[in-house]
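This report concerns only the one structure given below.
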Amino acid sequence: MTVVTQPQIVAAERVRGVPLAETLARVRTPALDNTFLTRLPEDALEELLASGSILEVRQRRLIFGSSDDGRVGVMIHGLARTYLSSGDGRQFTLRYVRPGEILGNTSGPSAERAPLSASAVTDSVLVEFEMATLGRLVLTDSRVGAALVLEMNQRIQDAFASIAANTLGSMHERVAWHLLDLAIEAPEDGRFIAAITQQQLADHIGTAREVVARVLRDLREAGIVNTSKGEMEVCDPVRLAAIAGRK
């Protein structure tokens, strides 16, 4: 998996409280059907959302860092990524997070072994829960625990699929993954630019330039990327992430 260094993500958007009625309206959309939120019993869903907040996070801003206290939420709109960090600033993208999927971190010894962070790839909206409320609901309502177990299993499978796509996947999947990681590191000017040539991209992946050129042609024709001398622009990171993550 591509390992990158990211110096520019330094701040998160402020949390903005939203009334329960508006929060319910946001989560009761067809896009979130059959997700963790819609699998919860009605009373538990309302209690969980009443304890939480809506987060609106601009692209490339940090959602939570590896040193934060435990946090958990569900993506409502947008695309985010979770990643592990090393002491020298390098990052390892674990998975891309889409609407309806849970993301969160832990604190304590497990966080020290796997320092997980999350940042918004595109402008994103999340609903964040109070960890204590979620924990209490899991202990007192088996339906909430069952929904959470199913969600965690799906997210683990997503992570496995993402790693497989980047290492064992088709050439389209591997090119998509590398382009996403490289473009996310571009200077923040509103665009996602990977400063790389076709030959360099082929070297990263371990294939011939002609193979990469064919993949890029397909992505250009689909309107997902644009290419020019020495750089590639990701025009549609959500669709590119779908290719990278086998969605």
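The values are calculated or read from the model by the stated rules, or taken from the named source; none is laboratory data. Computed from a predicted structure; not experimentally measured. When we count neighbours, we look across all protein chains shown, and the Cβ atoms used for this are built from the backbone with ideal geometry, even at glycine.
Can you find, within segment 32-82, the residue that is surrounded by the most Cβ atoms within 10 Å (Cβ to Cβ) among those that are of a type in the set (Asp, Glu) and in a loop (DSSP other than H, G, I, E, B)? Break it down into steps so the answer makes sense when it comes.
From segment 32-82, those of a type in the set (Asp, Glu) are 33, 42-43, 46-47, 56, 68-69; that's our starting set.
Add one more test, that the residue is in a loop (DSSP other than H, G, I, E, B), and what stays is 33, 68-69.
Numbers: 33: 11, 68: 18, 69: 11.
The extreme case among them is 68.
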_Residues located in segment 219-247, provided they are at pLDDT 90 or above, basic (Lys, Arg) and within 18 Å of residue 159 (Cα to Cα)_ = 239
_Which of the numbered conditions does residue 194 fail, given that it passes all the others? Conditions: (1) modelled with pLDDT under 90; (2) among the hydrophobic types (A, V, I, L, M, F, W, C); (3) within 23 Å of residue 77 (Cα to Cα)._
(3)
_Against the definition (more than 24 Å from residue 91 (Cβ to Cβ) and at pLDDT below 90), how does residue 131 come out, yes or no?_
yes
_Give me the helices (runs of 4 or more DSSP H) completely within segment 98-175, filtered to those with at least 2 residues that are among the hydroxyl-bearing types (Ser, Thr, Tyr) and farther than 30 Å from residue 215 by Cα, ordered by residue number._
131-140
_Residue under question is residue 202, and the condition is that it be out of contact with any Leu (no Cβ under 9 Å at 6 or more places or on another chain), surrounded by 16 or more Cβ atoms within 10 Å (Cβ to Cβ), farther than 24 Å from residue 74 by Cα and free of Cβ contacts under 8 Å to residues at least 60 places away in the same chain; does it hold?_
yes
*Single match in 176, 132 (criterion: closer than 30 Å to residue 72 by Cβ and under 16 Å from the mean Cα position of the chain (by Cα))*: 176
*Subset of segment 88-113 that is at pLDDT below 70 and among the small types (Gly, Ala, Ser) - its residue that is farthest from residue 183 (Cα to Cα)*: 108
